[in-house]
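Visitor: Questions regarding the structure given below will be posed in turn.
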Amino acid sequence: MFDLLFKFHPGEPMLFSSGTFWALFLLFLPAYAWVATRRSRTVMVLFVLIFSFFFYYKSSGAFVVLLAATSVIDWTLSKVIARSSSRAMRRGCVALSLTFSLGVLAYFKYANFFLMNLSAMVGSNFQPLELVLPVGISFYTFQSISYVIDVYKGTIQPTRRWIDYAFFLSFFPALVAGPIVRAKDFLHQIATHRPASRPDLYFGFWLVLLGIVKKAIIADYIAQYNDLIFGNPTGYNAFETLMGIIGYTMQIYCDFSGYSDMAIGLALIMGFRLNENFNFPYKSRNLTDFWRRWHISLSTWLRDYIYIPLGGNRKGTRRTYANNMATMLIGGLWHGAAWKFVFWGGMHGAGLAIHKASKPYLGPWSDTRAFRIFSWLITMTFVACLWVFFRADTWEASWLVIRQVFVGDWPGFAGVQAFASARMLWLIIMILIIIAHALPTGFWPAAGRLFVRAPLWAKLLIFILVVQTVLQLQGEDVAPFIYFQF
Amino acid sequence: MRHYKELWTILALAFAFFFILSYFDGIAIGDSFELRSAGFVRALTDAPRKTAAADTTVLAAASDAPEAKATFAPAPTDTTAQTILFIGDSMLDGLSPRMVDYCLQNGHKLISFRWYSSSTSKWGSPSSSLLSDLIAKHKPSYVFICLGANELFINNVDTKCGPAVDNILADIGSTPYIWIGPPNWKPDTGINDLIARKTRPGTFFLSNGMSFERRKDGAHPTDPSAAMWLDSVMRWMPAHAAQPIRMDSPRKPLPAKAPGQISIRIRQPNE
């Protein structure tokens with residue numbers, strides 16, 4: 001029991017949908033409620049900080065030292081930046097901080113990628129380094145970079161105490177898979193912290209339940225079929241392969257937005273508000289809109305710290321496209337150290353440029369219903385095809401999957417019927433999630449408010465039903481959060 | 001503070017509910033529906049986790065397998081390329097990738113068929129022709145089986161599983177085979193003994209007693225541990241298997257995969 005709850009097990013990061021996390025949260029919650037309501041903010045900050053570091057230790061073992069070191073170095077440098085009046089000194093500190101943060105990220109995440117490409121260029125034998133990627137390093141590195149740059153720009157003041165900065169950097173709901181929290185949105189919440197109100201607490205609980213449904217019921221279940229398709233790209237007919245691509249499109253959304261919902265919900269239970277990370281992205285009718293709705297915390301980060309500093313749209317049309325492309329290429333590389341991710345980012349960059357360029361020519365008929373449906377279809381086809389590069393094991397496998405849709409056998413009506421009868425539950429879940437996604441935007445907050453007002457026994461029943469459904473549908477192995485790898 | 005207490009009560013009651021449910025480790029409702037449990041009780045009563053580094057334990061256990069001491073004349077190792085059919089339950093998640101490596105290294109053709117949550121009862125059911133169909137279609141020259149993990153704790157194992165094991169072996173017929181026993185995470189109620197009794201000498205690899213690094217479900221070996229598990233089977237084979245085949249240890253870089261050499265099929269629990 002002790003071993004299960006308190007020791008680090010390599011390859012088994014803490015999932016918000018796991019029994020281990022909820023057993024620990026059962027211990028955490030009363031203690032947190034007590035320190036948050038009866039003790040000073042400092043005690044609360046210290047308590048959550050210790051729990052967050054423990055949470056990270058459970059997920060990533062000794063790399064918790066790296067997290068602590070990052071927080072100490074960046075906090076110290078940000079203090080120097082704020083105090084110094086010398087421009088050279090301030091710039092030097094920013095450079096030092098970026099070198100450390102990006103250096104660590106580059107070493108753990110990109111060293112093998114770099115060496116592999118170098119070996120390919122010089123024709124030598126590539127022997128990969130045995131590197132383990134610290135869980136969530138891409139997320140907390142981006143948080144720390146934005147903090148130091150914001151202090152440099154004077155947008156925020158550095159925290160007076162290290163524990164406040166470490167609290168921000170290691171806040172466990174958002175630590176391992178985002179959302180990427182920005183200091184300007186979060187630090188003032190520490191200083192003025194109040195325990196969650198009753199509606200906030202239960203709305204947080206609602207978001208957690210919604211996240212569990214998305215991640216542990218929908219994404220994990222539909223993944224079982226999608227895995228078959230991507231595991232054997234030429235082994236299924238065109239229709240089955242197409243279903244696998246659409247399935248993965250919904251899987252990655254449910255997986256990641258489900259995790260974000262759980263993170264935002266847990267934070268709300270603790271009395272902290274994290275910004276929305278997904279806003280029904282598959283309702284987008286163009287790529288620009290898609291990137292305003294998908295992984296909002298990353299896209300706004302890339303906009304504020306890469307696109308705008310590069311010049312944004314202030315330096316002419318050509319430069320705007322170039323900046324856009326550079327930003328999306330970096331965004332692609334952030335997702336993984338492989339050329340397929342770079343390609344994914346590049347294609348999104350190209351898609352954004354095409355949309356920008358074509359906007360003036362669309363005219364008034366772009367508001368017609370037929371055009372709206374057409375543009376939604378084009379956008380979703382583009383997005384879904386590019387997700388193939390995200391999911392497939394290799395570059396070659398990605399093309400095989402896409403090719404299979406076009407050159408594979410198309411079954412007749414009987415084949416589609418056979419698919420429906422063999423994959424009935426998969427199909428029902430897919431239809432339900434598409435309907436749920438297409439509902440009016442106000443539906444889900446309204447449902448949340450209903451849940452908040454529901455009696456305790458109803459909340460208990462819903463929670464038990466959700467968890468039991470997870471148990472009934474779960475595969476033999478629980479799929480990790482897709483975004484953990486980033 | 002009061003609403004925090006309420007939320008805690010909800011969580012604690014739900015936790016208690018699932019704990020009590022897991023005491024029964026699955027409740028059957030009707031013939032075809034089972035209320036699955038969270039496995040808390042199993043997790044608590046499990047032996048402490050051990051590390052995969054204990055490969056020596058794996059080997060010791062293997063050589064201690066009762067049938068390893070059986071008296072038979074092991075055939076010389078067949079070094080020709082084989083068509084291997086590898087069937088089993090979710091344990092193939094970990095075993096199958098390593099089997100692919102072995103087949104690529106040794107030039108064998110592999111058809112791996114993983115049926116999640118399957119058992120000897122499912123594969124050997126009189127109403128299921130899956131195994132005979134696979135054998136008729138692929139005409140394997142060697143069969144590997146890994147079944148039994150989903151029947152470790154059932155009562156009356158002889159009555160419930162005996163005929164099914166007979167059917168599986170009948171389907172395999174005279175084709176050489178190895179049955180890899182389930183990786184027990186606690187003592188079984190007799191499935192290992194049953195398989196050992198029903199199989200021919202030199203065809204059953206007893207996995208019970210080995211040390212595994214397990215996934216967080218406490219049952220399935222992690223991928224590296226499963227790879228070591230299959231390595232142990234392959235090391236055991238030349239001296240102990242009735243009809244050993246060439247299974248040299250895979251060396252990187254592996255030979256390129258020939259078209260159609262590897263086929264992996266997966267079937268979901270309720271299919």
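Since every read-out is calculated from the coordinates, none of them should be taken as a lab result. Nothing here was measured: the structure is a model prediction, and the numbers come from that model. Here the Cβ positions follow ideal geometry from the backbone for every residue, glycine too, while neighbour counts run over all protein chains shown.
Visitor: Please state, to two decimals, what the Cα-based radius of gyration of the range B:50-267 comes to when divided by 2.2 N^0.38 Å (N = residues). Each step should come with its number before you reach the end.
Guide: Numbers: Rg = 16.0 Å, N = 218, 2.2 N^0.38 = 17.0 Å.
That ratio works out to 0.94.
Visitor: Within straight cross-link reach of B:LYS139, meaning Cα distance under 18 Å, which lysines are found once same-chain residues fewer than 8 apart are removed?
Guide: Within reach: B:LYS109.
Visitor: Roughly how large, in nm² to one decimal, is the mean projection of the convex hull of the alpha-carbon atoms in the range A:2-195? Let's see the in-between values first.
Guide: Values: hull surface 52.8 nm².
About 13.2 nm², averaged over all directions.
Visitor: Going by amide H atoms built from the backbone, whose H comes under 5 Å of the H on B:PHE86, apart from near neighbours?
Guide: It is B:ILE111, B:SER112, B:PHE113, B:PHE144, by chain and number.
Visitor: PRE reach from B:ASN156 (point 7 Å along Cα→Cβ): which of the range B:119-145 fall under 18 Å by backbone N?
Guide: B:120-122, B:125-126
Visitor: Give me the net charge for the shell around A:LYS459: Cβ to Cβ below 13 angstrom, other residues only, Lys and Arg +1, Asp and Glu -1. Show your work: numbers first, answer last.
Guide: Details: positive: A:ARG198, A:ARG453; negative: B:GLU6.
Overall, the nearby charge balance is +1.
Visitor: I've got another one for you. How large is the dipole of the range A:181-254 about the Cα centre if only Lys and Arg carry +1 and Asp and Glu carry -1, each at its Cβ, rounded to the nearest 20 debye?
Guide: Numbers: 6 positive and 5 negative charges, 96 e Å.
Dipole of the range A:181-254, to the nearest 20 debye: 460 debye.
Visitor: I'd like the trypsin sites (Lys or Arg not before Pro) in the range A:156-211 restricted to DSSP loop residues with at most 13 other Cβ atoms within 10 Å, sorted by number. Can you show the working numbers first?
Guide: Numbers: sites: A:ARG160, A:ARG161, A:ARG182, A:LYS184; in loops: A:ARG160, A:ARG161, A:ARG182.
Within the range A:156-211, the qualifying trypsin sites (Lys or Arg not before Pro) (loop, at most 13 other Cβ atoms within 10 Å) are A:ARG160, A:ARG161.
Visitor: Could you please rank B:SER129, A:SER260, B:SER119, placing first whichever residue has the fewest other Cβ atoms within 10 Å of its Cβ? Please list the in-between numbers first.
Guide: Numbers: B:SER129 11, A:SER260 28, B:SER119 21.
By the 10 Å Cβ count, ascending: B:SER129, B:SER119, A:SER260.
Visitor: Based on the mean of other beta carbon atoms within 10 Å per residue, what is the order of B:87-93, A:100-106, A:45-51, most packed first? Write out the running numbers ahead of the final one.
Guide: Values: B:87-93: 24.1, A:100-106: 16.3, A:45-51: 18.1.
Highest mean packing first, the order is B:87-93, A:45-51, A:100-106.
Visitor: Taking the dipole about the Cα centre of the protein assembly as shown, with the C-beta of Lys and Arg at +1 and of Asp and Glu at -1, give me whichever of A:VAL208, A:LEU377, A:ALA350 is farthest to the positive side.
Guide: A:ALA350
Visitor: Continuing with this model, one more query. Just name one of B:ILE145, B:TYR116, A:PRO195: the one whose Cα is farthest towards the positive end of the charge dipole of the protein assembly as shown (beta-carbon charges, Lys/Arg +1, Asp/Glu -1).
Guide: A:PRO195
Visitor: Would you work out if the range A:57-112 is rounded, prolate or oblate? Take a ≥ b ≥ c from the square roots of the eigenvalues of the alpha-carbon gyration tensor; rounded if a/c is under 1.5, else prolate when a/b is larger than b/c, oblate otherwise. Could you put the intermediate results ahead of the total?
Guide: Working: a/c = 5.85, a/b = 1.79, b/c = 3.26.
Judged from the Cα gyration tensor, the range A:57-112 comes out oblate (a/c at least 1.5, b/c at or above a/b).
Visitor: Efficiency by 1/(1 + (r/R0)^6): what FRET value for A:GLN417 and A:ALA191, r their Cβ-Cβ distance, R0 = 45 Å, to the nearest 0.05? Present the calculation step by step, with values, prior to reporting the outcome.
Guide: Numbers: r = 62 Å, r/R0 = 1.37.
Between A:GLN417 and A:ALA191 the formula returns 0.15.
Visitor: Right, something else. Let me spell out the model: positive unit charges on the Cβ of Lys and Arg, negative unit charges on the Cβ of Asp and Glu, origin at the Cα centre of the range B:50-267. What dipole size does that give, in debye rounded to 20? Please report the intermediate quantities before stating the final value.
Guide: Details: 23 positive and 19 negative charges, 93 e Å.
Taking the Cα centre of the range B:50-267 as origin, the dipole is about 440 debye.
Visitor: Sticking with this structure for a sec: What does the average come to when, for each residue of peptide B:219-231, you count the partner chain Cβ atoms lying within 10 Å of its Cβ? Numbers along the way, then the final one.
Guide: Details: counts 2, 2, 0, 4, 1, 2, 0, 0, 0, 0, 0, 0, 0.
Per-residue shielding by partner chains comes out at 1.
Visitor: What net charge do the residues around A:HIS335 carry, taking every other residue with its C-beta under 14 Å from that of A:HIS335, with Lys and Arg at +1 and Asp and Glu at -1? Let's see the in-between values first.
Guide: Working: positive: A:LYS109, A:LYS340, A:ARG391; negative: A:ASP255.
Combined, the nearby Lys, Arg, Asp and Glu give +2.
Visitor: Quick one: what Rg and Dmax do you get for the range A:334-440 from the alpha carbons, in Å?
Guide: Cα-based Rg and Dmax for the range A:334-440 come out at 17.6, 48 Å.
Visitor: Counting only DSSP beta bridges with both residues in the protein assembly as shown, tell me the antiparallel percent, nearest 5.
Guide: That works out to approximately 15 percent antiparallel.
Visitor: Quick one: net charge of A:ALA33's neighbours, Cβ under 14 Å, K/R +1, D/E -1?
Guide: On the way: positive: A:ARG38, A:ARG39, A:ARG194, A:ARG198, B:ARG2, B:LYS5; negative: A:ASP200, B:GLU6.
Here the charged neighbours net out to +4.
Visitor: When A:GLU396, A:GLU276, A:GLU240 are ordered from fewest to most other Cβ atoms inside 10 Å of their Cβ, what list results?
Guide: Details: A:GLU396 11, A:GLU276 14, A:GLU240 22.
Ranking A:GLU396, A:GLU276, A:GLU240 by Cβ neighbours within 10 Å, fewest first, gives A:GLU396, A:GLU276, A:GLU240.
Visitor: Using Cα centres only, tell me the gap between the range A:143-171 and the range A:209-268 in whole Å.
Guide: The distance from the Cα centre of the range A:143-171 to that of the range A:209-268 comes to 34 Å.
Visitor: OK, next. Please name which of A:LEU439, A:THR42, B:ILE135 has its Cα lying farthest along the dipole of the protein assembly as shown towards the positive end, using unit charges on Cβ (Lys, Arg +1; Asp, Glu -1) and the Cα centre as origin.
Guide: About the Cα centre, the residue reaching furthest to the positive side is A:THR42.
Visitor: On to the next question. Does the range A:199-485 come out rounded, prolate or oblate by the C-alpha gyration tensor, with a ≥ b ≥ c the root eigenvalues, rounded set by a/c under 1.5 and, if not, prolate when a/b is larger than b/c and oblate if not?
Guide: Working: a/c = 1.66, a/b = 1.14, b/c = 1.45.
Oblate, because a/c is 1.5 or more while a/b does not exceed b/c.
Visitor: When B:THR199, A:THR441 are ordered from fewest to most other Cβ atoms inside 10 Å of their Cβ, what list results?
Guide: Working: B:THR199 22, A:THR441 9.
Ordered by Cβ neighbours within 10 Å, fewest first: A:THR441, B:THR199.
Visitor: Output the peptides A:413-424, A:341-352 sorted from most to least packed, where packing is the average of other Cβ atoms within 10 Å over each peptide's residues. Don't jump to the answer; show the numbers that get you there.
Guide: Values: A:413-424: 12.7, A:341-352: 20.2.
Descending mean neighbour count gives A:341-352, A:413-424.
Visitor: Give me the inter-chain shielding for A:462-468: mean count of other chain Cβ atoms within 10 Å, whole number please. Kindly include the intermediate steps, with their values, before the conclusion.
Guide: On the way: counts 1, 5, 6, 0, 1, 5, 8.
Mean inter-chain Cβ contacts per residue within 10 Å come to 4.
Visitor: Turning to a different aspect of this structure: If you bin every alpha carbon distance in the range A:369-413 into 10 Å steps from zero, what whole percent lands in each bin?
Guide: All Cα pairs considered, the percentages come to 25, 36, 32, 7.
Visitor: Can you compute log10 of I(q)/I(0) for chain A with the Debye formula, treating each Cα as one identical point scatterer, at q = 0.07, 0.09 Å⁻¹?
Guide: Rounded to two decimals, the profile gives -0.40, -0.67.
Visitor: Something else: Once you order the gyration tensor axes a ≥ b ≥ c over the Cα atoms, which shape class does the range B:90-211 get: rounded for a/c under 1.5, otherwise prolate or oblate by comparing a/b with b/c?
Guide: Details: a/c = 1.71, a/b = 1.25, b/c = 1.37.
Taking the square roots of the gyration eigenvalues as a ≥ b ≥ c, the range B:90-211 is oblate.
Visitor: Residues of B:78-84, mean number of Cβ from any other protein chain within 10 Å of their own Cβ, rounded to a whole number?
Guide: Details: counts 0, 0, 0, 0, 0, 0, 0.
Per residue, the number of nearby Cβ atoms from other chains is 0 on average.
Visitor: I would also like to ask the following. Within the range A:145-166, whose backbone N sits under 19 Å from a point 7 Å along Cα→Cβ of A:THR99?
Guide: It comes to A:145-146, A:148-149, A:152, nothing else.
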